[in-house]
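Structure first, then comments.
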Amino acid sequence: MNSYADNTLAASSPSVESSAELKTVLASVRKAVAPLWPLADYVAVNPFQGLAEDSFLVTRNRLASVRSCDILMPAAHYRERWDRGEITFADLDEAYEQCLQDNPELFGETSFADLLKAIDDTATPIERHTWTVAEVVDRRTGSRWTSHIVNDITRNLSAYYDLGQAAWKHPWKHCDLFNAWREMAIIGHRLDLLGLKEFRKFAASLPEDPLQWIAAALEELKVPAETQEDFLLAELLSVAGWAGYAQYQTNRHAVDGNEQDDLIGLLAIRLACDVALFRRYMLQSDRPLTLWKSHESSKTVPTNAVLARYLFQTATEVAYRRQLCGALHLGSDGASSAQTNGSRKRAQLVFCIDVRSELLRRNLEATSEGIETFGFAGFFGLPISHVPFSQKHGHAHCPVLIEPSLIAQDEPEFPDASALAAADEDLRASRTFRRIWKFFQTSAVSCFSFVESLGLFYSWSLAESTWLPKAKRAGGNTPLQLLSAHGQPLTTSEKADLAENILRNLGLTENFARLVVFCGHEAETTNNPYQSGLDCGACGGHSGGPNARAAANLLNDPDVRWELRSRGLVIPVDTRFVAGVHNTTTDDLQLIKDDNLPEHHGQDLAELQLLALQAGQQTRLERAGRLGAISESDVRNRARDWSEIRPEWGLAGNAAFVVAPRERTSSLHLAGRTFLHNYDFRQDQSGAILELIMTAPMVVTNWINLQYYASTVDNRAYGSGNKTVHNLVGQFGILSGNGGDLQTGLPWQSVHDGNGYQHEPLRLTVVVEAPCEMISKVIEKHESVRHLVSNGWLTLLALDDDQFFRWSGQHDWIPQELDEPRLRPIKESPQKTAVTVAP
């Protein structure tokens, strides 16, 4: 019997026509793969971002046909909510009307009564239509080829992408991904030993061009043209984690002007494994594989059971929206009264729109009528790459959707050259020690001797991390220079442009307080590879401290202020801008004192710091119950506990994004579930600020929301499983145990407390207080925004003249009736009475 490795390889160059068709198919497949950032820059990503041009239900059906996954909760979840009274008949009735309006082609064929019956249907028909070759073999023979292939790919890619964790450097890093794998496969024995005899010979016969090989593989497997897209997507999603990381690498190559396509390389690798397996079972099995059936297609209509779950999902969102809109409507009374109070504020603090800011902002405002807070994207409009002192390169502190256009470089002041040299030498020595230390920790040869010889010495480090506060990563009050992307100093006019954009987009153009504080935020955790996921998403998974310092420096610059005055922006002489850092794990707000701060302002800052301490304590008390903490000090201590798997809940629970004046929400207790962005359409005659908000912050909040949503509804497919068995790989990613696919989304412990969900999977509700016509112009102008708001990836509401309107899937505004929200009172302050949306 001939070996499968001797089979004639269909490696001839495809025709121009077939090559163009294949590229079209691959472009469509690529859209279904969301990029996965490395741990150092980890941010929440919308797993469905490239699929938004289709409706939520169409996408759900397509994914279920090529992968074992779901993006709706099980029927039992919805039945439980119904039984507990969390979904009412009124919610279901309104949800059904919404489903008919948005998806008439699907819901017009079934009745409301039929859907209510279908939620109790316990049958689970197989929706999967397209399988990889390995999955077909496993189903037939009971083998574990899918697992073997995924593990083999993980071994190869872990070494190829390693950032310094491994002691051994991959010898073919200079090659593209496919050919680096090919060289390793030629000398490797693993798949041969597992049963794919002469796999090395097979690998050597592969062409160097991954596209050529993909075309040849499709021809050899005789994949019908109408099935190719689904089949290739199934192949990629069988290694979804690595596909996401390869997509990220491809995007980075493109930014650098490099045409290397790692995603196509990975697809070629995955196909090579399956073609080898196909030959093995095609030539040596008594029952050759039958892979394709003419009736199999992903273009099937959702069953009534699926439509019923979607109806109940929509009803849970209607129930939340009903409460939110009712509360916002009540908040209008506070808005009108607050606008009449024109006295100068004691301090104004600008926070990130992050849901965790809502708690601290509310508690800070409750300490004094003289405190005013704003919500703004946490990079404060400054897309910087922050370069710490004595380093050549930095990290991007801006949304991952954009590239840094500025460099913010730390420039500490030293009394003389010798002091500068000494500080530089200390930093170099520290970095060298950390590299040596990391080598000992990750070396296979010295792992036991490491514990024996250095364990006692290392115990001090453990004790220090447990009992002593962690140094802030914001950079303190170190002077910071803002440069262009090419390292050139900015002109006064360029600085003024940046400063003007900050103030106008923030809506702060008059009535400045004596102190204006830009509050970046960061988390503080120990022994947590997902640290970046708790930091500022608007800063690319890093601290917002450097951005806050850069903004304060800009607006304190006398030359910049003079230029702003000529543009009609007059900042009072006694107004000083200060940077601060909100620690979301401990709820501490650290105000960074500028050495040049006048004495009177120093006293104001000290008083504000005392108010921040009170607000932080109240916020910790508020969060303690949800964390299962016994006291507010216990909340703080979680930051330094290296065994703590839930140092904070991050953005779990996020459900809404409100774009409105602060007066609309200042009297409301929003339970840390709402992103808040200051916006007054009356100050935005051109609509440019609204356009910026809807194309940037709204997209970022949607990314975060859908990451938490997906990690909750199907943690196996879209999350990263059990945090306690995570292992770091290559300093860039996470494996569950010692193998399997690269993990993608949030750990189970980030959305569930062991007894129940801490994140309620709701698609984001966006409320914009502005005329419908104004919002429509942005939707019409930007196709990507139109896809999000029209295809069920979020719900967009306009608050126009105190009336709510919902944007429908048919591209029109539908008036929304208000019911009385279920409200519960919260502790009143002498200054205000607040209400809260019931969680």
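The values are calculated or read from the model by the stated rules, or taken from the named source; none is laboratory data. Nothing here was measured: the structure is a model prediction, and the numbers come from that model. A quick note on method: Cβ atoms are made from the backbone with ideal geometry, for glycine too, and the neighbour counts reach across all protein chains shown.
Based on this model, can you work out whether ALA656 counts as surrounded by fewer than 24 Cβ atoms within 10 Å (Cβ to Cβ), of a type outside the set (Asp, Glu) and under 25 Å from the mean Cα position of the chain (by Cα)? So ALA656 does not fit the description; no. Could you tell me whether region 113-125 includes any residue that is crowded, with 18+ Cβ neighbours inside 10 Å and touching an Asp or Glu at 6+ places or on another chain (Cβ under 6 Å)? No, region 113-125 has no match at all. In region 724-751, how many are over 18 Å from the mean Cα position of the chain (by Cα) and either over 25 Å from LEU627 (Cβ atoms) or of a type outside the set (Ser, Thr, Tyr) (or both)? Residues in region 724-751 being over 18 Å from the mean Cα position of the chain (by Cα) and either over 25 Å from LEU627 (Cβ atoms) or of a type outside the set (Ser, Thr, Tyr) (or both): 13 in total.
Could you tell me whether ALA513 is in a loop (DSSP other than H, G, I, E, B), at pLDDT below 95 and surrounded by 12 or more Cβ atoms within 10 Å (Cβ to Cβ)? Here the answer is no, as ALA513 does not meet what is asked. Only one entry of GLY580, GLY545 meets the criterion of being out of contact with any Leu (no Cβ under 9 Å at 6 or more places or on another chain) and either more than 27 Å from ASN637 (Cα to Cα) or buried (at least 22 other Cβ atoms within 10 Å of the Cβ) (or both), and that entry is GLY545.
With the condition kept exactly as written, say whether any residue in region 635-643 is assigned to a strand (DSSP E or B), surrounded by 23 or more Cβ atoms within 10 Å (Cβ to Cβ) and in contact (Cβ under 8 Å) with a residue 24 or more places away in the chain. Lay out the reasoning, then the answer.
At the first step, the residues of region 635-643 found to be assigned to a strand (DSSP E or B) are none.
Within region 635-643, none of the residues are assigned to a strand (DSSP E or B), surrounded by 23 or more Cβ atoms within 10 Å (Cβ to Cβ) and in contact (Cβ under 8 Å) with a residue 24 or more places away in the chain.
Scanning region 176-210 for residues that are out of contact with any Leu (no Cβ under 7 Å at 6 or more places or on another chain), among the aliphatic types (A, V, I, L, M) and in a helix (DSSP H, G or I) yields ALA180, MET184, ALA185, ILE186, ILE187, LEU191, LEU193, LEU194, ALA203, ALA204. Annotation: ASN727 fulfils all but one of (1) closer than 17 Å to GLY533 by Cα; (2) in contact (Cβ under 8 Å) with a residue 24 or more places away in the chain; the unmet one is (2).
A residue that is farther than 20 Å from PHE675 by Cβ, surrounded by 24 or more Cβ atoms within 10 Å (Cβ to Cβ) and not aromatic (Phe, Trp, Tyr) occurs nowhere in region 561-572. Once region 224-255 is narrowed to residues that are of a type in the set (Val, Ile, Thr) and in a helix (DSSP H, G or I), the residue that is surrounded by the fewest Cβ atoms within 10 Å (Cβ to Cβ) is VAL255.
If you go through region 735-755 one residue at a time, do you hit one that is buried (at least 17 other Cβ atoms within 10 Å of the Cβ), free of Cβ contacts under 8 Å to residues at least 24 places away in the same chain and closer than 22 Å to ASN151 by Cβ? Within region 735-755, one or more residues are buried (at least 17 other Cβ atoms within 10 Å of the Cβ), free of Cβ contacts under 8 Å to residues at least 24 places away in the same chain and closer than 22 Å to ASN151 by Cβ.
Would you mention how many residues in region 756-774 are under 20 Å from the mean Cα position of the chain (by Cα) and surrounded by 17 or more Cβ atoms within 10 Å (Cβ to Cβ)? Quick ask: steps written out before the conclusion?
Residues of region 756-774 that are under 20 Å from the mean Cα position of the chain (by Cα), as a first pass: 757-766.
Still in the list and also surrounded by 17 or more Cβ atoms within 10 Å (Cβ to Cβ): 758-766.
Total meeting the criteria: 9.
In the set (1) at pLDDT below 95; (2) assigned by TED's automatic domain parsing to the domain that holds ARG309; (3) not in a loop (DSSP other than H, G, I, E, B), the condition left unmet by LEU115 is number (1).
Restricting attention to region 168-195 and to residues that are in contact with an Asp or Glu (Cβ under 8 Å, 6 or more places away or on another chain) and of a type in the set (Lys, Arg), the residue that is surrounded by the most Cβ atoms within 10 Å (Cβ to Cβ) turns out to be ARG182. The set of residues from region 661-692 being part of a helix (DSSP H, G or I) and either in contact with a Leu (Cβ under 8 Å, 6 or more places away or on another chain) or free of Cβ contacts under 8 Å to residues at least 40 places away in the same chain (or both) comprises ARG662, ARG664, PHE681, ARG682, ALA688. Apart from one condition, GLU97 fits all of (1) acidic (Asp, Glu); (2) under 28 Å from VAL400 (Cα atoms); (3) part of a helix (DSSP H, G or I); the exception is (2). For region 614-634, the tally of residues that are of a type outside the set (S, T, N, Q) and touching a residue at least 24 places away in the same chain (Cβ under 8 Å) stands at 7. Considering THR526, THR478, THR466, the condition of being more than 24 Å from VAL700 (Cβ to Cβ), in a helix (DSSP H, G or I), at pLDDT below 95 and assigned by TED's automatic domain parsing to the domain that holds ILE384 is satisfied by THR466 alone.
Tallying residues that are of a type outside the set (Lys, Arg) and not in a helix (DSSP H, G or I) within region 550-588 yields 21.
The residue pairs whose first member lies in region 196-223 and is surrounded by fewer than 19 Cβ atoms within 10 Å (Cβ to Cβ), whose second member is of a type in the set (Ser, Thr, Tyr), and whose beta carbons are closer than 6 Å, counting only pairs six or more residues apart or on different chains, are GLU198/SER3. Looking only at residues in region 347-388 that are of a type in the set (Phe, Trp, Tyr) and not in a strand (DSSP E or B), the one that is surrounded by the most Cβ atoms within 10 Å (Cβ to Cβ) is PHE380. Taking the conditions (1) within 30 Å of ASP192 (Cβ to Cβ); (2) out of contact with any Leu (no Cβ under 9 Å at 6 or more places or on another chain); (3) at pLDDT 95 or above in turn, ARG79 satisfies each one other than (1). Among the residues of region 156-175, the ones that are among the charged types (D, E, K, R) and either in contact with a Leu (Cβ under 7 Å, 6 or more places away or on another chain) or in contact (Cβ under 8 Å) with a residue 60 or more places away in the chain (or both) come to 1 in all.
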